[in-house]
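In what follows, a structure is listed as structure tokens, so that the remarks can point back to it.
We did not get these values from a lab; they are worked out from the coordinates using the rules stated. Model, not experiment: these values are computed from the prediction. Reconstructed Cβ throughout: ideal geometry from the backbone, glycine too, with neighbour counts over all protein chains shown.
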Amino acid sequence: MDRAPPHVEETYWTERPRSRSAPLERRFLYRGELLAFTVDAGVFSSHGLDPGTALLIEHLGLGRKDRVLDLGCGWGAVGVAAAKASPEGHVVLTEVNRRAARLARANLARNHVANGEVRIGAFYEPVPDERFDVVATNPPYRIGREQILRILSEAPAHLLPGGRLLLVGKGSEGIRYYQEWLVAHWPGTVSVLGRGSGFRVVEAKLAPPPRAGPESPRRARAVRGGAPRAPTGPRRSPAGRSA
């Protein structure tokens, strides 16, 4: 098991890190575009893109109009990639570490992202009443199991019907435990989207919105035009569907 570096609590969860700033320039290719970032000490993955976050980005699976929450964004790799994948949507990046938040804002601008924003705060505090198509996170596992379970248990309240929570982690961080917890408690389906370098991306998906029945359009017209007429005979189900 990797030995935790000194002041790891500061690196992951301190609002104002005391580590001396040591910025570095990093780039990675995403969907044919070379994205450029500034990273720094006192921020998660301070030397560049870590394999877990890279795997998460690879399996985002976003639509062009998706609303995305990058929870615990660090220097903004996931948020920038999500904004590029959803050019007609909107991405909110949240982060408790103010140095990381400054980096994320700068990296959004550096990569010409106009459909994203950074908000400072822990957990879902910056988005109290908002819902998203996707919540994506590589959470700070060293803050403890209770706090990680809070992230998972509160996610459904911030997802639209059919929305997805994407969680990446490795065995030493307890990702199998959190996957099993989701299987037992999540109000929907849970699956593994990808594995690599000891990491796995777990997707927890809410049930989709209820589909309108075959008579819904007629009912809508009836409401606009007045009281509906009484049926004159027995109704039949459409072919291939059960009554």
Residue in the range 121-130 that is closer than 22 Å to Arg16 by Cβ, surrounded by fewer than 16 Cβ atoms within 10 Å (Cβ to Cβ), touching a strand residue (DSSP E or B) at 6+ places or on another chain (Cβ under 7 Å) and of a type outside the set (Val, Ile, Thr) present: yes
Of the criteria (1) touching a His at 6+ places or on another chain (Cβ under 6 Å); (2) crowded, with 17+ Cβ neighbours inside 10 Å, which one Asn115 fails: (2)
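Which of the following residues is under 14 Å from Arg67 (Cα atoms) and in contact with a helix residue (DSSP H, G or I) (Cβ under 7 Å, 6 or more places away or on another chain): Val113, Val168, Val127? Working first, answer last.
Numbers: Val113 fails: under 14 Å from Arg67 (Cα atoms); Val168 fails: under 14 Å from Arg67 (Cα atoms).
Val127 is the lone residue from the list that is under 14 Å from Arg67 (Cα atoms) and in contact with a helix residue (DSSP H, G or I) (Cβ under 7 Å, 6 or more places away or on another chain).
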Residue match in the range 90-99 (condition: farther than 20 Å from Thr14 by Cα and surrounded by fewer than 20 Cβ atoms within 10 Å (Cβ to Cβ)): yes
Residue that is surrounded by the fewest Cβ atoms within 10 Å (Cβ to Cβ) [pool: residues in the range 78-89 that are assigned to a loop (DSSP other than H, G, I, E, B) and touching a strand residue (DSSP E or B) at 6+ places or on another chain (Cβ under 9 Å)]: Gly89
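For the range 138-153, check the following and say yes or no: at least one residue is of a type outside the set (Val, Ile, Thr) and under 20 Å from Thr38 (Cβ atoms). Full working, then the answer.
Initially, the range 138-153 is screened for residues of a type outside the set (Val, Ile, Thr), giving 138-142, 144-147, 149-150, 152-153.
Still in the list and also under 20 Å from Thr38 (Cβ atoms): 138.
There is at least one residue in the range 138-153 that is of a type outside the set (Val, Ile, Thr) and under 20 Å from Thr38 (Cβ atoms).
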Given (1) of a type outside the set (S, T, N, Q); (2) under 24 Å from Gly196 (Cα atoms); (3) more than 13 Å from the chain's Cα centre (by Cα); (4) assigned to a helix (DSSP H, G or I), index of the condition Trp75 fails: (4)
Scan of the range 147-175 for residues that are closer than 18 Å to Pro51 by Cβ, in contact with a strand residue (DSSP E or B) (Cβ under 9 Å, 6 or more places away or on another chain) and surrounded by fewer than 14 Cβ atoms within 10 Å (Cβ to Cβ), ordered by number: Gly171
Residues (touching a helix residue (DSSP H, G or I) at 6+ places or on another chain (Cβ under 7 Å), more than 20 Å from Ala54 (Cβ to Cβ) and not hydrophobic (A, V, I, L, M, F, W, C)) located in the range 186-202: Pro187
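Going by the structure shown, is Leu160 within 20 Å of Gly79 (Cα to Cα), touching a Phe, Trp or Tyr at 6+ places or on another chain (Cβ under 8 Å) and of a type in the set (A, V, I, L, M, F, W, C)? Steps first, answer last, please.
Numbers: within 20 Å of Gly79 (Cα to Cα): yes; touching a Phe, Trp or Tyr at 6+ places or on another chain (Cβ under 8 Å): yes; of a type in the set (A, V, I, L, M, F, W, C): yes.
Here the answer is yes, as Leu160 does meet what is asked.
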